[in-house]
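Written below as structure tokens is the structure these notes are about.
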Amino acid sequence: MTTLPVAWMLARAAGLVAFGILTLSVWLGLAMSTRMVPPKRRPRLLGWHRTLAWTGLAAIGLHVVALLADPTLHFGLASALVPFASPWRPAAVAGGVLAGWLALALAASFRMRRVLGQKGWRRLHYASFGAFVLALCHALTSGTDLAGLGGPVVAVIAGAPVLFGVMLRILAPLKPRRPAPAAS
């Protein structure tokens, strides 16, 4: 009798779900920061952005726990938490590990916004682009779920809005706010 590789299937599913949720978070963050979203809708969408970030992190946690529980792959704690420590596809796994740590730092930065200041918080959020690219590379290279045509299709669907938002930020930067004139 063969048993279903439940942990392995859960790890794969949780990883793909995490990527999808965090991609939505990046899209929403870009939509707000490029001012594609009307100002009165931003506070509510910021809440969704935070919720998506933390939900994506929970899915990453499930991905890691399922990998640790998988009896076939024999992933150790170091392989799941330390970049390049995995004997199995070390560069591909390292991309996922680094993306996960960056995602955690970005999500935690919501609580540290006052300490970091607006400028520091915004600079830290530029790391979301690196996290996105690392996560996409991890998804495309670490497993077989996105082999064949599926990988490029997912890359275009996930990456095109991110690329559009980044180009919009570069080509149409936000105008600096001018201080209000002093009362005479």
All helices (runs of 4 or more DSSP H) inside the range 47-131 with 2 or more residues being basic (Lys, Arg) and either at pLDDT 90 or above or in contact with a strand residue (DSSP E or B) (Cβ under 8 Å, 6 or more places away or on another chain) (or both): 113-125
Listed by first then second residue, the pairs whose first member lies in the range 65-92 and is in contact (Cβ under 8 Å) with a residue 12 or more places away in the chain, whose partner is in a loop (DSSP other than H, G, I, E, B), with beta carbons under 6 Å and at least 6 positions apart or on separate chains, are 67/75; 68/75; 79/85; 79/86; 89/142; 92/142
Hey, among 78, 91, 11, which residue is closer than 26 Å to residue 162 by Cα and surrounded by fewer than 14 Cβ atoms within 10 Å (Cβ to Cβ)? 91
Has the range 24-34 got any residue that is outside any helix (DSSP H, G or I) and more than 30 Å from residue 173 (Cβ to Cβ)? no
Scope the range 132-154; condition in a loop (DSSP other than H, G, I, E, B), crowded, with 17+ Cβ neighbours inside 10 Å and of a type in the set (A, V, I, L, M); matching residues: 146
Within the range 21-53, residues of a type outside the set (A, V, I, L, M, F, W, C), without any contact (Cβ under 8 Å) to a residue 12 or more places away in the chain and surrounded by 15 or more Cβ atoms within 10 Å (Cβ to Cβ) come out as 42
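The values are calculated or read from the model by the stated rules, or taken from the named source; none is laboratory data. This one's a predicted model, so the numbers in the text were calculated from it and none came from an experiment. Positions of Cβ are backbone-derived with ideal geometry, glycine not excepted, and every protein chain shown enters the neighbour counts.
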